[in-house]
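Input: a single structure, listed below in structure tokens.
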Amino acid sequence: MISSETGSGKTLAYLIPYLESYLKNPFERMLIYVPQRELAYQINTVLHRLVPEIKSSILTSGSEGISQGKVPNVVIGTPPLLDEVISMISISI
């Protein structure tokens, strides 16, 4: 297992490629799959510090989910709920 200290830029490391695409095309979408609810909120916080106007939604147990009619640029979620949403989307397509 590899680990690094808190604040070393791990979250930023995988957000940067998406943000680079987003700045070129504001309709760019990203799905972030994380193992824990706390990590989803941490990623969302970092994302909004970098680009305050970006629309994001967190899909974890206890979250409100995606509002009807509001399509976020970034969806951050944990496996149980995100798996369910993805399967619903696949069925409706």
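No lab work stands behind these numbers, since they all come straight from the coordinates. Every value quoted in this text rests on a predicted model; they were computed, and no experiment measured them. All Cβ positions, even for glycine, are placed from backbone atoms using ideal geometry, and neighbour counts span all protein chains on display.
Per-residue extension of 0.36 nm, minus the Cα-Cα distance of residue 41 and residue 13, leaves a gain of 8.4 nm for this segment. Remark: the residue 31-residue 4 segment gains 7.3 nm on full extension, using 0.36 nm per residue and subtracting the alpha carbon distance. For a straight C-alpha distance cut-off of 17 angstrom, the aspartates and glutamates reachable from residue 70 (same-chain residues fewer than eight places away being disregarded) are 28, 53.
The residues packed around residue 11, meaning those with a beta-carbon under 14 Å from its beta-carbon, carry a net charge of 0 if Lys and Arg are +1 and Asp and Glu are -1. Near residue 30: Cβ cut-off under 14 Å, other residues only, Lys/Arg at +1 and Asp/Glu at -1. The net charge is +1.
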